[in-house]
Structure formats: C-alpha cells, structure tokens
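Worksheet for the structure shown next.
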Amino acid sequence: MTSSIVFDHLSFSYQNTTAPALQDISGEMTRGSFTMVMGHSGAGKSTLCCAINGLVPRFLRGIYEGMVMVEGMETGKNSVPYMARIVGIVLQDFEAQLFSTNVELEMAFGLENQCLPRTDMEERINDYLRVVGLEELLRRDTGTLSGGQKQRLAIGSVLAMETPVLVMDEPTTDIDPEGRHHILSLIRRLRTRERTLVVTDLDAEAAVQADQIWLLKDGQLVAKGPPAEILQDSSLIESCGIRPLATVALFQAMNWPGQPLTVEAAAAEIENRRLLCPRRPECRAISVLAPGKVIMETRNLSYRYPASATNALNDVDLTIHEGDFVAMLGQNGSGKTTLAKHFNGLLKPTAGDMLVRGRPVKNYRRHELAREVGYVFQNPDHQIFAPTVREEVSFGPRILGMDRKTLERNIAEALDATGLSGFEDKNPFLLNRGERQRVAVASILAVKPAVIILDEPTTGLDYVHQRDTMEMLKRLNQFGHTIIIITHAMWIAEAYASRSILMKEGRILLDGPTSTVFSDEAMLAAASLAPSDLIRLRNRLGLAAMTLSDMVKELKNEAVPPGSF
Amino acid sequence: MNLTFYNDEATWLHRLDPRTKIGGVLLIFVICLCFNHPLFIAVILTGVLAIFTTAKSIKILWKLRFLLVLLFVFSAVLWPFFIKGKTILFQWHGLEVSSESLLYGFAMGLRLMTFVSAGLLLLATTKNEEITNGLIRLGIPYPAAFALATAIRLAPTFADAGATIVQAQVSRGLDLDSRNIFSRFKRFAPLSIPIFISAMRYTNFLAMALESKGFQPDAPRTSYYEPRITGKDWLVLGFLTLTLAACLYLRLYLHWGIIISGRL
C-alpha cells in the first residue's frame, strides 16, 4: 500500500503564542484509507487538517518545523491554491464556506478555479450533487438550506474537485441529529472510492467505521491504531477529552468479557454469553416529576415569522415549573428556539399568550423580564464585548441598576458558579471556546434570573468541557434556578434533564420525564431523533437507569457473574 | 431584515447579459440627470417601476420601502433651504422657500429613488457571480470586481449576525428604546464590538475557504455561467441610448423639464 500523506516530525506554533499547537507529529496515512483524528478542543485537530493542505503555514503563520508530504508534494513549499489540486478540505465553519448565490454555482466555484470547461462542470456538478443527495436543489439559494444540507453542499463542492485527498474538520458539529446521520452515512459511502479520507470528530460513535484513529492531546500524537484497539481503552480516550463508547464502558464497568463497539454487538454479546437473566419489562421503575410552583406558561401560543407563509409554532400549551430541568429536543426548524425566545419576550406571540409568573410577557418592562428569565445564546461571541471578564459579567446587573454591593456579590457568585474565579481581569476574547461559553453563562447568572435558558450550551465543546458545563447547570438547578436547555446532544438530555420536551413542526410531540421520553424510541424516531447508544442498550435490556453508573448499580443487583454457569 | 436582493425568476431581464444590465443602469442614471423637473423624473421612475413589474421583482423594491420614503422626504425637506427660486412662498430669518426650490426638492427626492430603484433592478435580476463576470468582461480588474461582489454578498450575512447580537444583548437587559443620549452612547459598544469581531472572523475564514478551493485572484479561471450578448441585449441598449438622446434633445434644445436652469 502506498502512502498518501506523510507527517515527518511536524511541529507548529501559531504566531504570538507560546504553547505549540502541534508537537513532533510523525505518521502516515495510506492511499484510500480513512483516518479519524480525535482529541479535546485545542488538541491540534484543526491545525493538523490545515497542515495537510498548506493553510498551515502559508495562511496561518507561525513557527513550522518538520514537513508534510501529500501525494509526493511537500505542503509547506507550495501555495494553498496549488495544493488544492490534490487536497480538498471542508473547514469547520460550514456557514462561512458557502459563498455563492445558489447550489449549482457553489458546486462550480472550485471547478472554475480548475479551469474546467462548462460541459465537464455540468457533468461533475450533477454527479456529485447525487452523491451528497442534493440533486433536487440545484437552483436553491444556499441561504435557505438547513444546516445539514449546507454541510453536505460544502462537502459536495469539495468532492466535485476530485482531489485524491479529502479532509473534513468536524463535519458533524453544530448539525441536528438527522443531518448528522446523513453526513456519517455519506462518509461511509465515500470510503468505497479511491480516496484518502481524513476526518476529525469529537464523538467516538462516529469513529467506529474508520480504518485508523489518531488520538491527539495537547498537540501530541498520543496513540494511533485501528478503532477496535483505540476505542477499547476508555481511560485513554477520556483523558483526551472524548466520551468513551457507552458499550465498552458498560462492559468494562460490569467486568464482562468482550468489548463490543456497537449496541447491536453488545446486545448479541449479552445474549450469547447469557450475561443477564431474561427480564420482565414491568419491573422498570416509573419516574414521576415533582413539579414546583408554575413559573412560565404558554396558552395556545402560535407564532408566524413576518413574511413567512406558515406558522413556526402552532397552539403550544406548556407549563414550566420552578426547579424544572428541561431539555427541548427536535430537529432544526422544529420550533425549539422560536418557543424559547417567547419565554423572555424576544418574540411576541401571533396568537395565544405567554405568561411569566401568571402575568403576560407584554406587560413586563424589558429589565423586569431580564431579571426573571435569562437567555444564553448559542454563540458566546455574539455577546462578548468588554475588555475584561469582570466588566463583561457586570454589564447585565449594571444596566438593570443593581447597587454596587449586590453587584459585587452577584459577580463573585456568578464567577464562582461557573468556575471562573480568578479570571476577573482576563480578556474574554483570549479565552478558549469553553471558557467563553462560561463567561456568557456567568454574565446571565449575575442578574440572578429565576429561569435560565441556554441555546445549545455544549456545541463546539469537547467532552470534558461539556461535562463541566452541564455539572455547573446541575448545581445551579440545585440552587433553585429553573434550567431550560435546547440541545442536539442526546446524551446530555438523557444524563442531566429531568424533563424532556420533544418538538416537531412547531408542535409539542411529547413532554414528560426524560426517562419516559427516551424509552419511547418510536416517538423519538417520529421527531427524527434517536437515543444515545447507552440508552438504546438500556431500552433493549429494559432497565430504568439513565446514566452509566446507575445502570451498573441496577445491573449489579441481578447480573450473572461470569463463570458461574 | 433580509438583505438578499436577488430574486430567482426567469424573466427577459434575468436572461439579459450582465454587461447590458450594468450598462443599462448607467444609462438610466444619466437619463435621470437630464431633467430637474419632478414630473419628468416621475415619468422616468414610472418607467423603472414598469420594468420591475415585468421582471416580477416589485417585492424586492418593497423590502426597501422605508429607505425610499426616507430618501424622498429628506431631500424634499432639505433642498428647498439651499436653493433660491423666484416665487417666494415664505421667508423666515433669512431662510426662504420658493415654489421652484420646493419642486426642485421633490425632483431630487424622486431622482434618488430612481437611482436606488435602478440599482436594485440590477441586483434583483442578476446573480452575484454574473455581476462579477460582467464587470470583468467590461475590463474591471478581477480583484476589484470580486471585492464588490463580495461586499454585496456579505451584507445579508452581517445583517443576520447583527440581528442575533441585538437579541443577545437585549436579553441581558440592554434597552434599545431609551431616549437618554448617554445610554444611547453606552449601548454602542455592546453591539458594535461583537459585530466587528464576528465580521473579522468570518472574512478571515472565508479567505481560507476560497484559497483552499484553489482560488487565486490573478489566475485564469473559467466561468460556469457564460453570458452571451444577443439581439435582445442590443435592442435594450439601443432603446436606452435613443431615450437618452431624446432626453438630451428635449433638455438642451427645447429646454423642457427644467425647473431651475443651470443645475443638473
């Protein structure tokens, strides 16, 4: 097998930084292979991707040592547009990559740069739109596509250039579960072709299909090998900021033999080896919510965006209680964010009512409502503006006219709750994404709203940061804040929310205790969602627990110890 | 607000060569400058509106109704104070307003509306890529043409980011309705800094994406849409040139359409 990409002692530090982004990376990827590059945020995954097509060091400058050879060409010695003949790259932010008026022209852009004649372009555009499943949307304005479609278009437009190497940097981040499913199956199909594939992702479940996994940690290549080998070492991948495979983790915790990588393999293993006695489904404990006082209520709420022909929300009746920890789930466009924006009065219902503490939102003054309901937007960069963390966090309380003493106390408490004590004088723009997310939460928290809404609080964070963020929200919930999260990450809803609301096409499909909602796989499928591997296994085994440790406890009470039969 | 102006239809105007449309808009601009009588300019504006309807794009113009009304009102109110006419309507502390200057103000308002509408006609019926292509074929250097098209392309993106940023800050208690001049100034930073930073990030990222797809501003490249000048294009250009000639004749020889002579 010939090698397609060779890293030879590659080290790189970005300009004006001290810590190296990559340190002494050596290794090769063979032609036609599929390599998954994994690691915590800031581990150097994106830098590694950019080093393959020359963006590092030609566009993103810094100190570069060693070399990268791609299909016999030395990356660092050629310009990025020149390398584009052999390396296609799908960058992390798919929104910013789409540039053209419509789908067809987006596909054509790279081909125009390759000076292809029009007839060839047409042929390739049609071919590759079929590959990514967008052939129906030839003339569509790219701005009107869904997130998943945009990502597939970004991939398609790079595929059309027919480069022997294809690199994708976190192609499933920020995409709803259905879109993610499409992209993962697309990657699976791309493998059959004569093409070297390099993909980065944070999710171990996506890595199972790769030929090789490269594990990065703080810029160093700590391990590489086939998935069966790497993914079995739960503690290693967890130390790299990746959530271990649920099946492997469960088997290890239970001391069961075998290390299945998928739910199907795990279920088969359990059955074949008779690890469990057959269970009766009725023994599953039924969880009930213990609702507190009503804090927010919608009554027959409908909403239609201006200039839109259809309602974004239809007759939504919903009651939120004090102390709830709610996860709002559903595809993009199902109405989650639209509904949440009613909670703090950013949107006004077209019909029906939105009540906060029994009082219609329209009767609140802006600053009164801000004290009741806080809203943390998805992208922290849409709100950070101050030169220090302290000033950023004090903006809300100050503008709401809090006195100096309360203000100081609130800021200290907010920073403490978000784990940012000691960051007061730091520049928020220089913090990493996880820290910026926490600054955004702290700046809402400092107002001490009764309800905190978070839109996708874990997007763009690695496992460690996701867990930190969620543990922080759990603490806030225990302190008495009502928490509402909008999320695409099923495991987060499963492990942290006490109540889940399933939305589809502007209506509430299902609303109940999370453990009940996630037992109803048919209903989840109707909303184009699927539980995480852990919960799929739990449902197959008929367990009640929602987390790994609870599941182990539940199983330990009845599992057959290996060797006893 | 949605600042995407392209309206995907298949009318005769959409099919014209972008060069014809760019040239045509310039001709309309000059025709507008021939007269300063509001009635004459109103006729030109009506013509432009008629073209809008045949291009099925009047809804694009509707998006900018506030801007158009604002332009008209401002110019109709301000011009009369800077122009002197014969028939004085009223005088006040050295300021005077005459019926000629008032009509001139109307004319200038209508002219601005016609300018904006004609420009919008181009944007509504021509894809960004076609405009770039047209400009290059007209001899504009590629980087300049590309920069212009990029600016048009990015306006809606930044407007979207701006709308999100406003919502994010309002959620934190920022009061956009306050009348106090100090609080108005104070709310400038929470909005402008995130908009600026996100625009910087976006453009930097876009540059990376373009280079990664093999784009070089000075290298030769082919074009997926290859516009061709047809008989229709010559017809349109011919018609507009004749109109311009006729307008020049009316103004220069017959002295029609003039409310204040010696001014454009």
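The values are calculated or read from the model by the stated rules, or taken from the named source; none is laboratory data. Everything numeric here is computed off the predicted structure, so don't read it as measured data. Cβ atoms come from the backbone with ideal geometry, glycine included; neighbour counts cover every protein chain shown. Ligands, DNA and RNA are stripped out before the accessible areas are found, and what is left, the full protein with its side chains, is counted by its heavy atoms. Shrake-Rupley method; radii C 1.70, N 1.55, O 1.52, S 1.80 Å.
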Exercise. Using 7 Å Cα-to-Cβ label points, what is the A:Leu236/A:Arg299 separation (nm, one decimal)?
Worked result: 6.1
For this session: Extending each Cα 7 Å along its Cβ direction at B:Trp92 and A:Thr30, get the distance between those two points in nm, one decimal.
Result: 8.9
For this session: Let me know the shape class of chain B, please: from the alpha-carbon gyration tensor, a ≥ b ≥ c as square roots of the eigenvalues, rounded when a/c is under 1.5, otherwise prolate if a/b is greater than b/c, or oblate.
Result: oblate
Exercise. Considering the zone a paramagnetic label at B:Trp62 would reach in this model (a point 7 Å from Cα along the Cα-to-Cβ line), which residues of the range B:111-125 have amide N under 18 Å from it?
Worked result: B:117, B:120-121, B:124-125
For this session: Provide the FRET efficiency to the nearest 0.05 for the B:Phe205-B:Tyr253 pair, computing r from the beta carbons and using R0 = 60 Å.
Result: 0.55
Exercise. Taking both sides together, what accessible area is buried at the A/B interface, probe 1.4 Å, expressed in Å² and rounded to the nearest 100?
Worked result: 5000
For this session: Take the alpha carbon atoms of the range B:1-111, find their radius of gyration, then divide it by 2.2 N^0.38 Å using N residues; give the quotient.
Result: 1.32
For this session: Work out the FRET efficiency for B:Leu235 and B:Ala189 from their Cβ-Cβ distance, taking R0 = 51 Å, and round it to the nearest 0.05.
Result: 0.40
Seminar exercise, completed: Length gained, A:Thr547-A:Gln15, 0.36 nm per residue minus C-alpha separation, equals 187.2 nm
Exercise. How many nm is it between the label spots at A:Asp317 and B:Ala42, if each spot is 7 Å from the Cα in line with the beta carbon?
Worked result: 5.7
For this session: Enter the Cα centre distance for the pair the range A:288-326 and the range A:121-197, rounded to the nearest angstrom.
Result: 36
Seminar exercise, completed: Taking a label point 7 Å from the Cα of A:Thr144 along Cα-to-Cβ, the residues of the range A:309-336 whose backbone nitrogen sits under 18 Å from it are A:309-312, A:333-334
Problem set entry | Average beta carbon contacts from partner chains per residue of A:110-116, 10 Å cutoff | 6
Seminar exercise, completed: Classified through the alpha carbon gyration tensor (a ≥ b ≥ c as square roots of its eigenvalues; rounded if a/c is under 1.5, else prolate when a/b is larger than b/c, else oblate), the range A:294-518 comes out prolate
Exercise. Want the number for B:Ala163 to B:Phe82: 0.36 nm per residue separation, take away the alpha-carbon distance, what's left?
Worked result: 25.4 nm
Exercise. What is the P(r) of chain A, as percent of Cα-Cα pairs per 10 Å bin from 0?
Worked result: 3, 16, 24, 26, 20, 9, 1, 0
Seminar exercise, completed: Plugging the Cβ-Cβ distance of B:Glu226 and A:Thr2 into 1/(1 + (r/R0)^6) at R0 = 60 Å yields, to the nearest 0.05, a FRET efficiency of 0.90
Seminar exercise, completed: Using alpha carbon positions and the Kirkwood radius, the Rg to Rh ratio of the range B:142-224 is 1.16
Exercise. Residue separation times 0.36 nm, minus the C-alpha to C-alpha distance between A:Glu122 and A:Arg475: what's the value?
Worked result: 121.5 nm
Exercise. Which pairs, out of A:Lys224/A:Lys504; A:Lys336/B:Lys59; B:Lys21/B:Lys213; A:Lys150/B:Lys56, put more than 32 Å between their alpha-carbon atoms?
Worked result: A:Lys224/A:Lys504
Exercise. Could the peptides A:66-72, A:455-461, B:145-151 be put in order, highest first, of the mean number of other beta-carbon atoms found within 10 Å of their residues?
Worked result: A:455-461, A:66-72, B:145-151
Exercise. At a 1.4 Å probe radius, carbon and sulfur cover how many percent of the accessible area of chain B?
Worked result: 72
Exercise. Can you pull the mean other chain C-beta count within 10 Å for peptide B:148-156?
Worked result: 1
Problem set entry | Ratio of the Cα radius of gyration of the range A:121-269 to 2.2 N^0.38 Å, where N counts its residues | 1.19
Exercise. Can you work out D for the range A:1-76 in µm² s⁻¹ from Stokes-Einstein, where Rh is the Kirkwood radius over C-alpha pairs, the temperature is 37 °C and the viscosity is 0.692 mPa s?
Worked result: 261
Problem set entry | Unit charges at the beta carbon, dipole of chain A: most positive-side option, A:Pro227, A:Asn53, A:Ile242 | A:Ile242
For this session: Could you work out the equivalent-ellipsoid semi-axes for the range A:369-483, taking the square root of 5 times each eigenvalue of the Cα gyration tensor, largest first, in whole Å?
Result: 19, 17, 13
Problem set entry | Rounded, prolate or oblate (a/c below 1.5 giving rounded, otherwise prolate when a/b exceeds b/c) for the range A:36-191 by Cα gyration tensor | oblate
Problem set entry | Placed amide H near A:Ile213: partners under 5 Å, 5+ positions off or other chain | A:Met36, A:Gly225
For this session: Determine which residues of the range A:512-548 fall in the zone a paramagnetic label at A:Glu505 would reach in this model, i.e. backbone nitrogen under 18 Å from the point 7 Å along Cα→Cβ.
Result: A:522-529
Exercise. Could you state the number of Å between the C-alpha centres of the range B:186-264 and the range B:89-137?
Worked result: 15
